[in-house]
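Below is one structure, written out as structure tokens, with a few remarks after it.
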Amino acid sequence: MANNLTIFQFFHWYYSTDGNLWKHGVDKAPHLAQLGITHVWLPPAYKSGKGTDEPGYAAYDLYDLGEFDQKGTVRTRYGTKEEYHECIKAIHDNGMHVMADIVLNHKSFGDEKESVPVQPVNPENRKEYIGEPRTIEAFTKFTFPGRNKKYSEFIWDWHCFTGMDEDGNIYLILNEHTNGQWEELVEEEKGNFDFLMGKDIEFRNPYVKEELKKWAEWYIETTGIDSLRLDAVKHINHHFMNEWLDHVRGRFQKNFLAIGEYWRHDVVHLLNYIEGTGGRVQLFDVPLHFNFYNASSQGVDYDMRKIFDNTLVQAKPQLAITFVDNHDTQPLQSLESTVEYWFKPLADALILLREQGIPCVFYPSIYEAKYADRVNGEEVYVEMNGTEFIEGMLKIRKHLAYGLQRDYFDHGNTIGWTREGIDENPLSGCAVILTNSKGGEKQMEIGKRHSGRSFINLFGNHDEKAVIDENGTGKFYVNDKTVAVWIDEEALKLFT
Ligand code: CA
């Protein structure tokens, strides 16, 4: 049987700090597998500079997976090292891959202060100096006293970093590796966007490169994780990324799926990065997310025929990871651009039921998520408990969404497509129609293999049927402002 790949992001920005995510993963692994999830993306598993107070992107010690008393806690925000191992085992036992979140761009909250030679730069154009060279005191030394050199004796100091922010300024560090230059990137946003946060890691330092390769070997051998989500690749020298990935794939003789987070609205920048990395790295389709966001806020005025215009899934379908929302687009986050709720089922169909792209489904689409939102300046708690239709759509993706795709992007409000199905997946094939306006029907060809069969809309009244004619064509209906997915009525038994 063919099996579509589907990623699930098993956390969100406001997930509980109680340290129970790894246990929660053990509980939910069977459910995720049943829904057809093939890869479970877990958040950064190592000790944060802020202990349990942030989701893990302010990385402190990559070797501390909730094992050592550092930054005021042994466990991480999500649990202990043992619980992490148990979570990974449960995911593997249920036939899924574990996608680890890899934070290589920066480290945060060092252990000791050093005197560091620096020069301040313009935050909006980091190539422009806005002051004379000077020496400042900063926490650039990482000795990890709680770990006491177990697993690695490497000590990080100011020779291992390119830049940092201190006292309201962004500084380039003047050491023998930087020679007064930021690292090479594929584009020139903010002049050079090498520095994002914390202490920016210097990949031209050969000892740093060696240490990060060694760490990857240790991490993969220790945990068995088998795919990679690469944080903040926009801010990382792509030559280093290529070298590091080639090393990891070569060392384990395994073509690890590697997905980069490159946050740009314009697909041109994503394509530049794909060229710079020679196709080694898949990318999240950020432009598609913004098309969904715009479509959801413009409502009936949005031309649905353009929903895939200027997206990565259109330009490089084999390298696109499609998604509706993620932890950075949630309310209150810096990149906030949450797709409006009414549009989510339409967007879900557009990522889950088409041939192109590997979809990534966000935690609150299936499970309950509570987080703070702001209304009139007041903080209120928002609860979400799954998205309508999502479980049904995931099962259709797993069992039925295969074969030749025929597109009917022929109306500004109402679009559709069919999947013909394949022999190896019995009863496979489906017809999808969606609208941001008034409901209606569309005649679409699904293939003569279905002639004479009755189709039902899984998300409508099952009494309505569409009978496929001798030419392999049917008339498929959709209600106002929603999506309909029509499947062979006998296929319903696969879901219940
Ligand atoms: Ca950087």
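The values are calculated or read from the model by the stated rules, or taken from the named source; none is laboratory data. Here the structure is a predicted model, which means the values were calculated and not measured. Cβ placement follows ideal geometry from the backbone for every residue including glycine, while neighbour counts extend to all protein chains displayed. Side chains included, ligands, DNA and RNA excluded: accessible areas come from the protein's heavy atoms. Shrake-Rupley method; radii C 1.70, N 1.55, O 1.52, S 1.80 Å.
Could you pull out the residue among LEU257, LEU283, LEU212 that is within 28 Å of TRP22 (Cα to Cα), in the same structural domain as GLU83 (by TED's automatic domain parsing), in contact with a Gly (Cβ under 8 Å, 6 or more places away or on another chain) and not small (Gly, Ala, Ser)?
Working: LEU257 fails: in contact with a Gly (Cβ under 8 Å, 6 or more places away or on another chain); LEU212 fails: in contact with a Gly (Cβ under 8 Å, 6 or more places away or on another chain).
It is LEU283.
Among the residues of the range 80-99, is there at least one that is out of contact with any Asp or Glu (no Cβ under 8 Å at 6 or more places or on another chain), among the basic types (Lys, Arg) and within 16 Å of the ligand (Cβ to nearest atom)?
No, every residue in the range 80-99 fails to be out of contact with any Asp or Glu (no Cβ under 8 Å at 6 or more places or on another chain), among the basic types (Lys, Arg) and within 16 Å of the ligand (Cβ to nearest atom).
Give me a count of the residues in the range 176-215 that are buried (at least 18 other Cβ atoms within 10 Å of the Cβ) and in a loop (DSSP other than H, G, I, E, B).
Result for the range 176-215: 14.
Does ARG264 fit the bill of being among the charged types (D, E, K, R), in a loop (DSSP other than H, G, I, E, B) and touching a helix residue (DSSP H, G or I) at 6+ places or on another chain (Cβ under 8 Å)?
Values: among the charged types (D, E, K, R): yes; in a loop (DSSP other than H, G, I, E, B): yes; touching a helix residue (DSSP H, G or I) at 6+ places or on another chain (Cβ under 8 Å): yes.
Yes; evaluated as a whole, the condition is true for this residue.
So which residues in the range 216-236 are small (Gly, Ala, Ser) and open to solvent by 10 Å² or more (accessible area, probe 1.4 Å)? Spell out the reasoning first.
Of the residues in the range 216-236, the ones small (Gly, Ala, Ser) are 216, 224, 227, 232.
GLY224 - this is the single residue of the range 216-236 that is small (Gly, Ala, Ser) and open to solvent by 10 Å² or more (accessible area, probe 1.4 Å).
Checking the condition out of contact with any helix residue (DSSP H, G or I) (no Cβ under 6 Å at 6 or more places or on another chain) and more than 30 Å from ILE274 (Cβ to Cβ), which residue from HIS159, HIS235, HIS177 passes? Steps first, answer last, please.
Working: HIS235 fails: more than 30 Å from ILE274 (Cβ to Cβ); HIS177 fails: more than 30 Å from ILE274 (Cβ to Cβ).
One residue alone meets the criteria, HIS159.
Would you call TYR84 closer than 25 Å to LYS213 by Cα and open to solvent by 10 Å² or more (accessible area, probe 1.4 Å)?
For TYR84, the condition - closer than 25 Å to LYS213 by Cα and open to solvent by 10 Å² or more (accessible area, probe 1.4 Å) - is not met.
Take the range 111-141 and flag every residue that is within 16 Å of the ligand (Cβ to nearest atom) and surrounded by 19 or more Cβ atoms within 10 Å (Cβ to Cβ).
Step one: filter the range 111-141 for residues within 16 Å of the ligand (Cβ to nearest atom), giving 118, 121, 123, 126-127, 140.
VAL118, VAL121, ARG126, THR140, listed by residue number.
If I filter the range 410-418 for residues that are among the small types (Gly, Ala, Ser), part of a loop (DSSP other than H, G, I, E, B), farther than 22 Å from ILE37 by Cα and open to solvent by 10 Å² or more (accessible area, probe 1.4 Å), do I get at least one hit? Working first, answer last.
At the first step, the residues of the range 410-418 found to be among the small types (Gly, Ala, Ser) are 412, 416.
Still in the list and also part of a loop (DSSP other than H, G, I, E, B): 412.
Okay, now just the ones that are also farther than 22 Å from ILE37 by Cα, so 412.
Checking the rest, the ones that are also open to solvent by 10 Å² or more (accessible area, probe 1.4 Å) come to 412.
Yes, because at least one residue in the range 410-418 is among the small types (Gly, Ala, Ser), part of a loop (DSSP other than H, G, I, E, B), farther than 22 Å from ILE37 by Cα and open to solvent by 10 Å² or more (accessible area, probe 1.4 Å).
I'd like the full set of residues that are crowded, with 21+ Cβ neighbours inside 10 Å and part of a loop (DSSP other than H, G, I, E, B), limited to the range 237-260.
Passing the criteria: only ASN237.
Can you tell me which residue is nearest to the ligand (Cβ to nearest atom) among those in the range 100-110 that are over 21 Å from LEU174 (Cβ atoms) and open to solvent by less than 40 Å² (accessible area, probe 1.4 Å)? Reasoning before the result, please.
Step one: filter the range 100-110 for residues over 21 Å from LEU174 (Cβ atoms), giving 100-104, 108-109.
Narrowing further to those that are open to solvent by less than 40 Å² (accessible area, probe 1.4 Å): 100-104, 108.
On the way: ALA100: 20, ASP101: 17, ILE102: 14, VAL103: 11, LEU104: 9, SER108: 13 Å.
Per the criteria, the residue is LEU104.
Could you list, in sequence order, the residues of the range 66-89 that are under 21 Å from the mean Cα position of the chain (by Cα) and hydrophobic (A, V, I, L, M, F, W, C)?
Hits for the range 66-89 are CYS87, ILE88.
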